[in-house]
Amino acid sequence: MTILPTDRAEPEVGHWGLAGGKVDLFEPVADAVKREVAEELGIGIEPDKHDGLDWFALEAPPEPLTLAAKTAIALIRQGQTRG
């Protein structure tokens, strides 16, 4: 599942997009994810429920991956965004 909000700001009002943001200088990644999800989607998450949370290049994901993650990454690499 991917959460795609619609944009309310010009120039892409009404366009579906990825929620995102930036990591502030010296901010831990888990804190940035929690903050950005709250800011962008208005929901809370608990990153401490997982053993790890980090950024990875699409071309070099960590191992091992779940089957769902492997499938999603393969489809993204192939340029498929809808089933």
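The values are calculated or read from the model by the stated rules, or taken from the named source; none is laboratory data. Note that the structure is a prediction, hence the values are computed from the model and not measured. With ideal geometry, Cβ positions are generated from the backbone for all residues, glycine too; neighbour counts draw on all protein chains shown.
Note on segment 7-26: among residues that are surrounded by 10 or more Cβ atoms within 10 Å (Cβ to Cβ), modelled with pLDDT of 80 or more and farther than 29 Å from Lys70 by Cβ, the one that is nearest to the chain's Cα centre (by Cα) is Asp24. Among the residues here, Asp31 does not qualify as acidic (Asp, Glu), surrounded by fewer than 10 Cβ atoms within 10 Å (Cβ to Cβ) and out of contact with any Lys or Arg (no Cβ under 9 Å at 6 or more places or on another chain).
Evaluated against (1) surrounded by 13 or more Cβ atoms within 10 Å (Cβ to Cβ); (2) in the same structural domain as Arg8 (by TED's automatic domain parsing), Ile73 falls short on exactly one condition, (2). If you go through segment 10-31 and keep only what is more than 19 Å from Ile43 (Cβ to Cβ) and small (Gly, Ala, Ser), you end up with just Gly14. Does Ala68 qualify as being exposed (fewer than 10 other Cβ atoms within 10 Å of the Cβ), out of contact with any Phe, Trp or Tyr (no Cβ under 8 Å at 6 or more places or on another chain), under 19 Å from Ile3 (Cα atoms) and not assigned by TED's automatic domain parsing to the domain that holds Ile3? Taking the combined requirement at face value, the residue satisfies it. Output the residue which, of all residues in segment 34-50 that are loosely packed, with under 12 Cβ neighbours inside 10 Å and assigned to a helix (DSSP H, G or I), is modelled with the highest pLDDT. Residue satisfying both the conditions and the ranking: Glu39.
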